[in-house]
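Shown next, in structure tokens, is the structure this report addresses.
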Amino acid sequence: MASPPTKYEGRIGGAVPRFSWGSSLAILIVVGLAGWSYYGTEFDIVDLLTNTEPATRFVSEMFPPDFSTATLQATGQGVLETFHMSFLGALIGAVVAFPLAALGTRGVDTVGASRTERVLRVVPYHVARFILNVFRSVPDILWALVFVVALGLGPFPGTLALAVHSAGVLGKLYSETLEAVPSRPVEALASTGADGFQSFLFGMLPQGMSNFTSLTLYMWECNIRSATILGFVGAGGIGQQILISMNLFDYSKVATLVGATVVVVLVVDRFSAAVRKRITD
Amino acid sequence: MTSSQRDNALEIRGVSVAFGKNLALDDVSLAVEPGERLAVIGTSGAGKSTLFRAITRDVGVSGEIRFGDRRIHTLSKRELREVRGSVGKIHQAYNLVPQLPAGVNAALGDVVNMGKLRTLHTFLAGPNTALAKTVEAAMERVGLAGMSSAKTSNLSGGQQQRVAVARLLVQRPGLILADEPFAAVDPVTTERVFDALLELNKDGASLLISLHDVELAKRFPRVVALKEGSVVYDGSPEHLTNEKLNDIYDGDMEARPKGKEPEEPGPDNFSGPDITRLKGQDGISAH
Ligand SMILES: Nc1ncnc2c1ncn2[C@@H]1O[C@H](COP(=O)(O)OP(=O)(O)OP(=O)(O)O)[C@@H](O)[C@H]1O
Ligand SMILES: [Mg+2]
């Protein structure tokens with residue numbers, strides 16, 4: 001890109017890029033896409049602000065929330081189920097992700113490796129990456145639909161859905177962690193005669209461990225949010241109760257359920273964030 | 001060292017290493033007898049680290065490197081691991097795994113002798129009794145008795161360098177490659193590490209050490225100087241005259257031999273181990 005030297009104009013300019021055809025085109029494209037999407041989604045801010053009657057009715061019927069024993073019991077059960085699903089999903093996901101991540105990570109030492117050796121090493125790498133990509137790119141709610149169709153309604157297909165999606169996400173994050181680990185200690189091990197397995201065990205794993213733990217906790221946080229909506233497709237958790245109450249127009253019960261969900265999500269978020277902070281410090 | 005004596009002879013013949021267009025080593029030849037000790041000097045970027053990395057095949061080369069009767073760059077993976085197991089390395093930046101206990105880092109000197117099962121056992125439960133004893137003795141030798149279970153990252157830089165030496169003591173290599181081992185440690189640790197390396201040498205291990213401190217290098221019976229990837233001096237330190245040193249170091253004003261220009265003030269006159277030049281700790285050239 002040898003551009004002719006531009007005439008110096010005596011100004012340096014700030015952090016915002018100055019006018020150029022490239023940036024004007026970019027702005028034009030963003031504006032164009034925004035307008036197109038505006039019409040595509042029938043976005044209507046006027047409607048939102050003027051037609052407030054259904055919204056106010058919905059909100060006013062939510063209060064006071066339903067604190068009857070039956071509702072509280074159902075809420076507790078839903079919360080607990082959501083909790084169990086998210087936790088087990090993250091755990092199974094981690095267990096599945098780990099070996100796939102180890103395979104899907106580029107090794108260090110390839111100097112002098114023969115062609116066949118390199119090919120042999122590349123095959124499991126690409127297979128593992130491919131599996132992880134499939135797991136990850138299908139959203140958990142779609143996995144839930146698949147498992148509900150295959151296994152029937154309930155929290156079990158939901159948990160499996162979370163596990164598969166978590167495995168995909170964690171596998172990618174784990175192998176990125178392993179690849180970013182400082183390489184000198186690992187190379188030092190290899191040049192002392194350690195084989196690939198030993199270098200992995202003593203060099204990469206200890207250096208990546210705290211990241212693994214904190215990523216897994218983060219996955220659990222994400223799962224508890226996901227688990228609340230998996231019920232909408234019949235895959236268990238508190239979402240199922242919310243959907244039923246919605247369909248029965250029992251908005252005060254919905255209020256209790258949603259409130260409990262928010263509390264649980266916040267508590268798990270805080271807890272996990274605190275633990276993660278301790279680990280990485 | 002008895003029967004394996006000859007196995008530790010190192011012969012480097014016409015070795016070149018290129019990084020892209022940059023010739024880091026240019027037709028280097030060097031023979032090191034078993035049990036010999038020599039210092040490698042040269043400016044920053046002269047190729048010292050690259051030479052050491054070539055010997056354990058951390059970089060590809062043209063030319064030939066023989067360790068005993070084995071040609072390093074044609075060995076199978078398994079044979080290469082065996083050779084690496086008998087070459088001990090120590091770097092300026094320790095290169096230990098910071099999260100492991102110091103004793104496990106030292107125990108990894110024996111990694112080449114661990115089968116799958118013992119590897120797993122060491123990973124989960126630590127070194128077995130025999131190895132733990134060896135490790136404890138080695139840690140004691142370097143003045144770190146009782147520190148084996150301390151987390152490595154909690155040790156000071158000098159202590160970590162001594163753990164690296166303890167790893168060598170556990171490994172008992174036939175050839176030691178020390179790449180600027182004193183660049184980041186204090187004078188006392190320098191002497192200590194130096195003594196331990198000399199002792200291993202006395203036990204029969206050949207010792208190649210790269211140094212920025214010419215005075216320290218002169219304590220070796222043989223000095224090899226690299227300049228822009230080529231050997232420009234190979235002989236006893238007596239013949240290493242001032243002119244020759246100036247020639248070796250010209251173009252790199254920072255690295256002029258110390259104690260040679262008493263009129264120059266500043267850190268260059270510091271005659272102890274060279275702690276003023278931590279260059280390379282960040283970059284590619286630190287290996
Ligand atoms: N991995 C690499 N990729 C590209 N160039 C490299 C690499 N390693 C070393 N070099 C280059 O090879 C040359 C020799 O480097 P080397 O690290 O061997 O020097 P050195 O004598 O050890 O220097 P120092 O005293 O600074 O440690 C330098 O020009 C360096 O930039
Ligand atoms: Mg170097």
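The values are calculated or read from the model by the stated rules, or taken from the named source; none is laboratory data. Predicted model only: the values in this text are computed from it and were never measured. Positions of Cβ are generated from backbone atoms using ideal geometry, with glycine treated the same way; all protein chains shown enter the neighbour counts. Only protein heavy atoms, including side chains, enter the accessible area calculation; ligands, DNA and RNA are left aside. Shrake-Rupley method; radii C 1.70, N 1.55, O 1.52, S 1.80 Å.
Here is the figure for region B:109-136: residues that are surrounded by fewer than 24 Cβ atoms within 10 Å (Cβ to Cβ), touching a Ser or Thr at 6+ places or on another chain (Cβ under 9 Å), part of a helix (DSSP H, G or I) and within 13 Å of chain A (Cβ to nearest Cβ) total 2. The conditions of being of a type in the set (V, I, T), at negative phi and loosely packed, with under 13 Cβ neighbours inside 10 Å are not met by A:I92. Do we have any residue at all in region A:163-183 that's farther than 17 Å from B:A106 by Cα, assigned by TED's automatic domain parsing to the domain that holds A:A273 and assigned to a loop (DSSP other than H, G, I, E, B)? Taking every residue of region A:163-183 in turn, at least one turns out to be farther than 17 Å from B:A106 by Cα, assigned by TED's automatic domain parsing to the domain that holds A:A273 and assigned to a loop (DSSP other than H, G, I, E, B).
Among the residues examined, B:K89 qualifies as within 12 Å of another protein chain (Cβ to nearest Cβ) and either part of a strand (DSSP E or B) or surrounded by fewer than 17 Cβ atoms within 10 Å (Cβ to Cβ) (or both).
The rows are residues; the columns are (1) open to solvent by less than 40 Å² (accessible area, probe 1.4 Å); (2) in the same structural domain as A:G78 (by TED's automatic domain parsing); (3) over 30 Å from B:D179 (Cα atoms).
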position: A:S191; (1), (2), (3): yes, yes, no
position: A:L201; (1), (2), (3): yes, yes, no
position: A:S210; (1), (2), (3): no, yes, yes
position: A:S245; (1), (2), (3): yes, yes, yes
position: A:T256; (1), (2), (3): yes, yes, yes
position: A:V265; (1), (2), (3): yes, yes, yes
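For region B:92-108, filtered to residues that are facing chain A (nearest Cβ under 7 Å) and either open to solvent by less than 30 Å² (accessible area, probe 1.4 Å) or assigned to a helix (DSSP H, G or I) (or both), the residue that is farthest from B:A150 (Cα to Cα) is B:A93.
Within region A:124-136, is there a residue that is within 15 Å of A:A161 (Cβ to Cβ), over 19 Å from the mean Cα position of the chain (by Cα) and not small (G, A, S)? Looking through region A:124-136, none of the residues is within 15 Å of A:A161 (Cβ to Cβ), over 19 Å from the mean Cα position of the chain (by Cα) and not small (G, A, S).
In this structure, does B:F67 turn out to be touching a helix residue (DSSP H, G or I) at 6+ places or on another chain (Cβ under 6 Å), aromatic (F, W, Y) and within 14 Å of chain A (Cβ to nearest Cβ)? For B:F67, the condition - touching a helix residue (DSSP H, G or I) at 6+ places or on another chain (Cβ under 6 Å), aromatic (F, W, Y) and within 14 Å of chain A (Cβ to nearest Cβ) - is met. Taken over region B:163-194, the criterion of being within 13 Å of the chain's Cα centre (by Cα) and basic (K, R) is satisfied by B:R167 alone. When restricted to residues that are under 27 Å from A:M209 (Cβ atoms) and small (G, A, S), region A:138-180 contains 7. For region B:40-62, the candidate set comprises residues that are of a type in the set (D, E, K, R) and assigned to a loop (DSSP other than H, G, I, E, B); within that set, the residue that is nearest to ligand 1 (Cβ to nearest atom) is B:D58. A:T116 is checked against (1) crowded, with 17+ Cβ neighbours inside 10 Å; (2) within 14 Å of another protein chain (Cβ to nearest Cβ); (3) hydroxyl-bearing (S, T, Y) and fails just one. What number does that condition carry? All conditions are met except number (1). Got a number for residues in region B:184-207 being touching a residue at least 12 places away in the same chain (Cβ under 8 Å), under 27 Å from B:D110 (Cβ atoms) and either more than 14 Å from chain A (Cβ to nearest Cβ) or more than 16 Å from ligand 1 (Cβ to nearest atom) (or both)? Within region B:184-207, residues that are touching a residue at least 12 places away in the same chain (Cβ under 8 Å), under 27 Å from B:D110 (Cβ atoms) and either more than 14 Å from chain A (Cβ to nearest Cβ) or more than 16 Å from ligand 1 (Cβ to nearest atom) (or both) number 16. The condition of being within 16 Å of ligand 2 (Cβ to nearest atom) and modelled with pLDDT of 90 or more holds for only one of B:L169, B:L208, that being B:L208. Checked against (1) aliphatic (A, V, I, L, M); (2) within 22 Å of A:Q241 (Cβ to Cβ); (3) at pLDDT below 80, A:A74 meets all criteria but (3).
Inspect all residues belonging to region A:227-250 and state whether any of them is under 30 Å from B:T122 (Cα atoms), more than 18 Å from the chain's Cα centre (by Cα) and hydrophobic (A, V, I, L, M, F, W, C).
First, the residues of region A:227-250 that are under 30 Å from B:T122 (Cα atoms): none.
Looking for residues that are under 30 Å from B:T122 (Cα atoms), more than 18 Å from the chain's Cα centre (by Cα) and hydrophobic (A, V, I, L, M, F, W, C), one finds none in region A:227-250, hence no.
Only a single item in (1) in a helix (DSSP H, G or I); (2) farther than 25 Å from B:H212 by Cα; (3) open to solvent by less than 50 Å² (accessible area, probe 1.4 Å) is not met by B:R81, and it is number (3). Kindly establish whether B:L144 is away from ligand 1 (no atom under 16 Å from the Cβ) and either assigned to a helix (DSSP H, G or I) or without any contact (Cβ under 8 Å) to a residue 40 or more places away in the chain (or both). So B:L144 does not fit the description; no.
If you go through region A:212-225 and keep only what is surrounded by fewer than 21 Cβ atoms within 10 Å (Cβ to Cβ) and aromatic (F, W, Y), you end up with A:F212, A:Y218.
With respect to (1) surrounded by fewer than 24 Cβ atoms within 10 Å (Cβ to Cβ); (2) facing chain A (nearest Cβ under 8 Å), the lone exception for B:S76 is condition (2). Considering region B:10-63, and only residues there that are more than 22 Å from A:E187 (Cβ to Cβ) and basic (K, R), the residue that is least open to solvent (accessible area, probe 1.4 Å) turns out to be B:R37. Of the residues in region B:143-162, at least one is within 16 Å of ligand 2 (Cβ to nearest atom), under 20 Å from the mean Cα position of the chain (by Cα) and within 14 Å of another protein chain (Cβ to nearest Cβ). Here is a check on your reading of the model: is A:P139 touching a residue at least 24 places away in the same chain (Cβ under 8 Å), within 14 Å of chain B (Cβ to nearest Cβ) and either open to solvent by 50 Å² or more (accessible area, probe 1.4 Å) or aromatic (F, W, Y) (or both)? So A:P139 fails the test.
Kindly indicate whether any position in region A:180-190 is among the aliphatic types (A, V, I, L, M) and away from chain B (no Cβ under 14 Å). Yes, because at least one residue in region A:180-190 is among the aliphatic types (A, V, I, L, M) and away from chain B (no Cβ under 14 Å). Only a single item in (1) open to solvent by 20 Å² or more (accessible area, probe 1.4 Å); (2) farther than 30 Å from B:V135 by Cα; (3) charged (D, E, K, R) is not met by B:D186, and it is number (2). B:P34 fulfils the conditions (1) touching a helix residue (DSSP H, G or I) at 6+ places or on another chain (Cβ under 6 Å); (2) within 16 Å of ligand 1 (Cβ to nearest atom) except for a single criterion, (2).
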